[in-house]
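Q: Following this message is one structure expressed as structure tokens.
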Amino acid sequence: MPDGIDEEAARWAKELGKGATRLALLSVLGGGESYGYGILATLRGKGARNVGTTEAAIYPLLKDLESKGYLKGHWKATEDGVPPRKYYQLTATGAKLLVAMRKEWKEYQKEMKQLMEA
């Protein structure tokens with residue numbers, strides 16, 4: 001391959017992953033409340049490699065989605081000696097956003113499949 005192709009493909013994959021991380025995070029929370037590391041564990045457990053599988057990706061996104069009213073966070077005490085964890089859940093607006101984003105994603109997949117098979 002010509003020089004730089006692998007690097008360019010890696011940059012593209014990173015950008016694609018950033019966009020998909022928002023949908024992945026909302027999808028996890030669509031199954032019930034969770035905390036940051038719990039979300040990471042769920043994504044990793046489902047085989048996600050490039051979609052929000054780092055703390056650097058998840059925590060700023062959680063804060064952003066909460067500030068926009070899509071998530072509601074609350075602190076829960078854990079066992080003795082362990083700091084409390086902030087749990088997040090979808091708000092009604094967040095649940096509507098998840099439905100809309102899933103619809104958009106399905107359309108995107110359909111279009112890309114048609115293009116890739118052409």
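The values are calculated or read from the model by the stated rules, or taken from the named source; none is laboratory data. This one's a predicted model, so the numbers in the text were calculated from it and none came from an experiment. Backbone-built Cβ (ideal geometry, glycine too); neighbour counts: all protein chains shown. In case anyone asks, the SASA skips ligands and DNA or RNA and just uses the protein heavy atoms, side chains included. Shrake-Rupley method; radii C 1.70, N 1.55, O 1.52, S 1.80 Å.
Q: Name the single residue, out of those in segment 1-24 being not aliphatic (A, V, I, L, M) and not in a helix (DSSP H, G or I), that is modelled with the lowest pLDDT.
A: Looking at the filtered set, the residue picked out is Pro2.
Q: Condition first: within 23 Å of Arg11 (Cα to Cα), in contact with a Phe, Trp or Tyr (Cβ under 9 Å, 6 or more places away or on another chain) and of a type outside the set (Val, Ile, Thr). Now tell me which residues in segment 26-61 satisfy that.
A: Selection gives Glu55 alone.
Q: While we're looking at this one, here's another question. Taking Leu65 as the residue in question, decide whether it is modelled with pLDDT under 95 and open to solvent by less than 50 Å² (accessible area, probe 1.4 Å).
A: no
Q: Could you check segment 39-64 and list, in sequence order, the residues that are of a type in the set (Ser, Thr, Tyr) and under 22 Å from Trp75 (Cα atoms)?
A: Listed by number, the residues that qualify are Thr42, Thr54, Tyr59.
Q: So in segment 68-118, with the set limited to residues that are in contact with a Ser or Thr (Cβ under 9 Å, 6 or more places away or on another chain) and assigned to a loop (DSSP other than H, G, I, E, B), which one is most open to solvent (accessible area, probe 1.4 Å)?
A: Lys68
Q: So, one more: Restricting to segment 39-53, and then to whatever is free of Cβ contacts under 8 Å to residues at least 12 places away in the same chain and surrounded by 11 or more Cβ atoms within 10 Å (Cβ to Cβ), can you tell me which residue is nearest to Gln109 (Cα to Cα)?
A: This residue is Lys46.
Q: Still on this model: Given the condition free of Cβ contacts under 8 Å to residues at least 24 places away in the same chain and either assigned to a loop (DSSP other than H, G, I, E, B) or open to solvent by 50 Å² or more (accessible area, probe 1.4 Å) (or both), answer yes or no: does some residue in segment 25-34 qualify?
A: yes
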